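S.K.: One structure coming up, written as structure tokens, with questions to follow.
The values are calculated or read from the model by the stated rules, or taken from the named source; none is laboratory data. Just so it is clear, the structure is predicted and the values come from calculations on it, not from any experiment. Using ideal geometry, Cβ is built from the backbone for each residue, glycine included, and neighbour counts are taken over all protein chains shown.
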Amino acid sequence: MKGIWLSIAFILVSDYPVVVDDKDVYPVEVVERNLNLVYYGEQLIDVLIVALDEKPDASLQDLVDALNYYNRNDTFMPFA
């Protein structure tokens, strides 16, 4: 289990769920903490890469805003 504590949230980077009987089965640490899947790894990385390409000096708050924007709009946040 790998985790990063931020002042705003606990973020857990974990294994992908496995499918058993057509249902996602999440790793134990995810279930024990009653966490929800927000991003698959590729999505998270893509959003961060695009944000940093558009705004190389992006702050941590800019990156969080970009992730939230993507989550709400299913598209990348424009920085221009």
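S.K.: Across the stretch 41-57, what is the total count of residues that are closer than 10 Å to Met77 by Cβ and of a type in the set (A, V, I, L, M)?
M.R.: Taking the stretch 41-57 first, the residues closer than 10 Å to Met77 by Cβ are 47, 50-51, 54-55.
So of that shortlist, the ones also of a type in the set (A, V, I, L, M) come out as 47, 50-51.
Going through the stretch 41-57 one residue at a time, the tally reaches 3.
S.K.: Hey, another quick one. What number of residues in the stretch 26-80 are in a loop (DSSP other than H, G, I, E, B) and among the polar types (S, T, N, Q)?
M.R.: Residues meeting the conditions: 4.
S.K.: Let me spell it out: the conditions are (1) at pLDDT below 90; (2) among the acidic types (Asp, Glu); (3) part of a helix (DSSP H, G or I), and Asp15 meets all of them except one. Which number is the exception?
M.R.: Just one mismatch for Asp15, condition (3).
S.K.: Could you give every pair whose Cβ atoms fall below 7 Å, whose first residue belongs to the stretch 52-68 and is more than 20 Å from Tyr39 (Cα to Cα), and whose second residue is aromatic (Phe, Trp, Tyr), counting only separations of at least 6 or pairs across chains?
M.R.: Short answer, once both residue conditions are applied: Glu54/Phe79; Lys55/Phe79.
S.K.: Could you count how many residues in the stretch 34-59 are exposed (fewer than 15 other Cβ atoms within 10 Å of the Cβ) and over 28 Å from Pro17 (Cβ atoms)?
M.R.: Count: 4.
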